[in-house]
Structure formats: C-alpha cells, structure tokens
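The values are calculated or read from the model by the stated rules, or taken from the named source; none is laboratory data. All values derive from a computational prediction rather than experimental measurement. Every residue, glycine among them, receives a Cβ derived from its backbone with ideal geometry; neighbour counts consider all protein chains shown.
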Amino acid sequence: MNRRPVHGNINPSELRALGLRREDLLDFSASISPIGPPEGVWDAMRSVDLSAYPDPECLELREAICRHLSTPERDLPMDRVLVGNGSTEIFHLLTRVYLSADGAALLLTPTYGEYDGACRLAGAEILNLEANLTGDFRWDIGAATNLIKTKKPELIIVCNPNNPTGVYLDRQELEDLAGAARDFGSLLVVDEAYLSFVENSWDSLELLDRPEIMLVRSMTKDYAQTALRLGYALASKEVVSRLRQYQPDWSVNGLAQKAGVSALEDVGYLAKARKAVFSAKSYLSEELKALGLGVPPSEANFILIKVGDAPKWRSALLSKGIVVRDCTSFGLPEYIRVGIRPIADCQKLAAAAVEVIQAALAD
Ligand SMILES: Cc1ncc(COP(=O)(O)O)c(C=O)c1O
C-alpha cells in the first residue's frame with residue numbers, strides 16, 4: 001500500500017498521461033513567493049565550484065541566517081541553527097531522532113501531509129487534533145493541551161500559519177502549547193514555512209528562550225527556489241546538535257548554500273514579496289466571492305476556495321491549463337487550495353473559474 005504523503009502538485013507521469021507540458025501550465029498548487037527568486041541568486045550560483053564538496057556545516061549560510069534574524073537586542077548564535085535539504089529533511093530528522101516506536105506524536109490537523117508521513121516511518125502512534133472544519137478552521141487549544149497531558153507525545157507539530165487553512169495562531173495559543181510541552185517533556189515544533197507572507201506577524205523568535213520549542217522555516221518558499229531545496233530550524237543548542245548527528249554530510253548542496261546566502265543579502269525582498277501577496281490575494285478573493293464561491297480568511301500566501309466537488313474542479317481547471325490543489329487528501333473534499341501568484345495570473349484563474357461555473361450551469 002502506498003502511504004507516501006500527498007503533495008497535490010502535478011507530477012511528470014500525470015503530465016505525460018494527459019499530453020501536457022509543465023511550461024504550458026499555470027501552477028497554483030505550490031505556494032511560494034510570487035515575485036521569483038531574488039536577482040543576485042543566479043550570479044551567486046555561477047560562482048560555485050561544481051567540483052568541490054559543499055560545506056557540510058553550512059557555515060556561511062548559518063552566519064547569513066543569524067545576521068538576517070539577529071537584532072541589536074537579540075543575538076542569534078550559529079549553534080542554534082540547523083540547515084536542511086528543504087525543511088522536509090528537518091521533519092524527517094526530527095521524527096527519526098525524537099519518536100520511538102512505542103511513542104506518540106500530536107499533529108494539529110488538517111495540515112501538511114509530510115508530518116504524518118514522517119511520523120509513520122518512525123512507527124509512532126499519531127494523535128490528530130482536528131480543527132473546527134465547519135467553522136473557522138481554528139483548533140481548541142485547551143483540548144490540545146489536555147491531549148499533551150494525558151498522552152505525553154514526544155513531538156507536537158503545528159504549522160503556523162497552517163497549510164491548507166491559512167489559520168494563524170497567536171502568541172498566547174503557542175505559549176499554551178509550549179507550556180504543556182515543557183511540563184510533559186515534549187518538543188513543540190512550529191512549522192513557519194509560510195510565515196514570511198503574513199501581514200503583521202508577531203515575533204515568534206522570542207519563543208526561542210524556551211528549550212522545548214523548535215521553529216522550522218523554508219527558504220525554498222520564501223525566495224521562490226523550490227528546485228534548490230533549502231530550509232532551516234532554530235532550536236536550543238542541544239536539539240540542533242542532536243539532529244545534526246543524524247544528518248548526512250553534504251545533504252545541502254553547494255548551489256543551494258550559495259543561493260541562500262545571496263537571497264538573505266537582498267534585504268528588501270521579503271517585504272516586496274509580502275506586498276505582492278497581499279494585493280493579489282485581496283484581488284483574487286474578492287473576484288471569487290463575487291462568483292458566489294466561499295473563500296475563508298487566510299493569513300498565508302494561499303487561499304482555500306469552497307467549490308463543492310474539488311476533484312471535478314481540479315480536472316476542469318487543468319483542462320484550461322491551470323493546476324490547483326484538490327484538498328480531498330486533507331479531508332476537505334469541497335475545497336481547492338490556490339497559492340497566490342502575480343495578479344495577471346490570478347486574473348486568468350478568475351476568468352477560468354467563471355467558465356467552470358458557466359459550464360456546470362449549462363450541464
Ligand atoms: C507547511 C509546509 N512545510 C514544509 C514544506 C516543505 O518545504 P521545503 O520545500 O522547505 O521542504 C511544505 C511544502 O509544501 C509545506 O506546505
């Protein structure tokens with residue numbers, strides 16, 4: 001039985017079967033910065049000596065991450081940073097190191113499928129705390145802390161803002177989870193893959209005073225370089241060094257390391273990306289609501305759209321050259337998720353949605 005996590009993008013075998021080419025499609029299924037990689041990244045990668053092994057310790061990149069995140073009031077030391085081959089590698093290291101076969105992990109669902117996939121490989125029991133799926137998609141944090149008390153999971157993973165719902169937990173909610181994690185010896189992992197696109201986010205780095213917390217971030221999404229695979233974790237020195245023991249040397253290749261340093265030097269980039277997300281997201285949400293489609297509020301760079309029959313809508317949009325995420329595998333078969341792309345692309349999606357609705361009415 002295939003138990004691999006579903007990512008919902010279009011894979012080469014599906015493209016071939018449909019006689020399509022990736023370059024002819026508009027891909028809304030991935031949620032990445034809509035403004036493309038920072039300008040300097042290509043030049044930086046050209047300077048890489050392809051015949052040399054990459055730095056297994058990612059020294060320059062960890063220095064650049066610390067410069068990027070440190071402030072005059074708060075210095076982030078390098079031994080609190082672990083770089084991974086995408087944040088996905090970090091989740092797999094975490095479950096391998098922290099989960100035992102007779103242990104448990106608590107996931108706040110519906111959420112990114114890779115957590116479940118990685119926990120399954122560790123053989124642990126998986127406890128799911130489901131959000132309110134008929135309302136605002138938020139979780140009952142009191143119920144989560146009770147579960148932590150009674151089940152004492154070794155790992156708790158929460159995505160903030162959450163994929164696919166766009167729900168953003170406030171500081172108090174995370175502190176409540178962290179308090180329960182501390183009392184029962186769990187590690188609370190907060191996946192912040194989409195945090196850079198939240199308007200007016202609160203400063204989660206302050207939580208790093210707590211040894212029971214790890215923050216995980218994705219540079220592939222922040223800087224639109226998914227092909228390179230790059231993410232990092234911030235945690236206590238002890239947690240970082242424990243995970244590092246299990247990470248193969250050179251898992252972060254030399255091109256990704258150089259591209260990462262260069263991207264972090266582009267100081268205005270993330271604000272520009274966030275602004276582009278904000279205006280395109282407002283535009284698209286309004287257009288879709290005007291068509292009578294439900295669009296729950298999202299703090300992230302993607303939105304859910306309540307279409308009724310998600311697989312049918314995915315196929316209908318695909319026949320018009322548009323790829324969206326069918327949310328059936330999240331347990332949300334009435335929804336599709338679309339990552340925010342530049343406004344011109346969002347206009348094409350809105351026009352395609354009109355055609356899908358008209359075709360359904362004509363049926
Ligand atoms: C919530 C979340 N975390 C992590 C990832 C993976 O990111 P990366 O490319 O850094 O491995 C994804 C990818 O879709 C995601 O949705």
So the helices (runs of 4 or more DSSP H) completely within the stretch 240-340 holding 3 or more residues that are of a type in the set (Ser, Thr, Tyr) are 269-290
Within the stretch 88-102, which residues are modelled with pLDDT of 95 or more and either of a type in the set (A, V, I, L, M) or in contact with an Asp or Glu (Cβ under 7 Å, 6 or more places away or on another chain) (or both)? Thr88, Ile90, Phe91, Leu93, Leu94, Val97, Tyr98, Leu99
Selection within the stretch 198-222 - within 20 Å of Lys272 (Cα to Cα) and within 12 Å of the ligand (Cβ to nearest atom): Arg217, Ser218, Met219, Thr220, Lys221, Asp222
Among the candidates Leu255, Leu234, Leu284, residue that is modelled with pLDDT of 95 or more, of a type in the set (A, V, I, L, M) and under 14 Å from Val41 (Cβ atoms): Leu255
Filtering the stretch 223-232 down to residues that are assigned to a helix (DSSP H, G or I) and over 21 Å from Leu243 (Cβ atoms), which residue is nearest to the ligand (Cβ to nearest atom)? Thr226
Residue check, Leu82 against (1) more than 23 Å from Gly268 (Cα to Cα); (2) over 25 Å from the mean Cα position of the chain (by Cα), all met but one. Which one? (2)
Could you tell me which of the residues Ile148, Ile157 is buried (at least 22 other Cβ atoms within 10 Å of the Cβ) and within 18 Å of the chain's Cα centre (by Cα)? Ile157
